[in-house]
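I have placed the structure first, in the form of structure tokens, so that the comments after it can refer back to it.
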């Protein structure tokens with residue numbers, strides 16, 4: 001109700017599938033220049049405070065770095 005259900009159909013698709021390359025590049029550049037954030041330290045918290053990591057700390061930190069590098 002009050003929506004067309006399109007959100008679920010688009011889940012997991014990149015915006016570059018819906019706009020031309022020039023528009024996508026401009027949007028991507030603007031976002032990368034303006035959006036700021038931090039890497040969550042949940043992996044370290046789980047390992048140090050609760051000792052409940054399901055992945056090794058080394059793997060988890062490399063994965064976090066790879067994700068940050070990708071985006």
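The values are calculated or read from the model by the stated rules, or taken from the named source; none is laboratory data. If you're wondering where the values come from, they're calculated on a predicted model, not measured in any experiment. Methodologically, a virtual Cβ is constructed for each residue, glycine included, from the backbone with ideal geometry; neighbour enumeration extends over all protein chains shown.
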For residue 49, the lone unmet condition from (1) modelled with pLDDT of 70 or more; (2) within 19 Å of the chain's Cα centre (by Cα); (3) surrounded by fewer than 10 Cβ atoms within 10 Å (Cβ to Cβ); (4) assigned to a helix (DSSP H, G or I) is (2)
message: Just to be sure before I move on: is residue 61 surrounded by fewer than 10 Cβ atoms within 10 Å (Cβ to Cβ), at pLDDT 75 or above, out of contact with any strand residue (DSSP E or B) (no Cβ under 9 Å at 6 or more places or on another chain) and in a helix (DSSP H, G or I) in the structure I sent?
response: no
